[in-house]
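The values are calculated or read from the model by the stated rules, or taken from the named source; none is laboratory data. Note that this is a predicted model, so its numbers are computed, not measured. Reconstructed Cβ throughout: ideal geometry from the backbone, glycine too, with neighbour counts over all protein chains shown.
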Amino acid sequence: MTTMADLDVCSAEEFKKDDMDLNHLYRSALVTLEHELDDALKRSAKDEAGYANNAINDLKSAQEAWVKYRDLECRAAGQQYEGGTIQPLVVNQCLMLVTMHRIEEIQQAYEIGGRKLE
């Protein structure tokens, strides 16, 4: 028989996996942009270097804002069940869903022009 505690543990582990996947993808996007910046600097392509630098800063800012959004959104989702045994499951499911959406967003935004993030 599956208990609520089992479901909580399972959903927390699934979120942890999803979060690790997101962090890997985010770092991959940053590294890719940093390589593009280094390449532009080596070629003295100032405009390209400026674009790459802006892209790095914007990605970092977007991710920071997204983390705040994720935490607030999922806390609000769980708030409806405060004090109930289902609350941790609701929060973890929210975290998983929002994280999977963020993975898709990063892939759509940064896997362009033949670029593949790994």
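Residues in segment 56-69: is at least one modelled with pLDDT of 95 or more and over 18 Å from the mean Cα position of the chain (by Cα)? No; the residues of segment 56-69 include none that is modelled with pLDDT of 95 or more and over 18 Å from the mean Cα position of the chain (by Cα). On inspection, L41 does not qualify as in a helix (DSSP H, G or I), at pLDDT below 95 and over 23 Å from R102 (Cβ atoms). If you scan segment 65-118, which residues turn out to be farther than 17 Å from A12 by Cα, in contact with a helix residue (DSSP H, G or I) (Cβ under 7 Å, 6 or more places away or on another chain) and acidic (D, E)? The answer is E118, and nothing else. Selection of segment 79-107 for residues being without any contact (Cβ under 8 Å) to a residue 40 or more places away in the chain, over 30 Å from L33 (Cα atoms) and in a helix (DSSP H, G or I) yields Q79, Q87, V90, V91.
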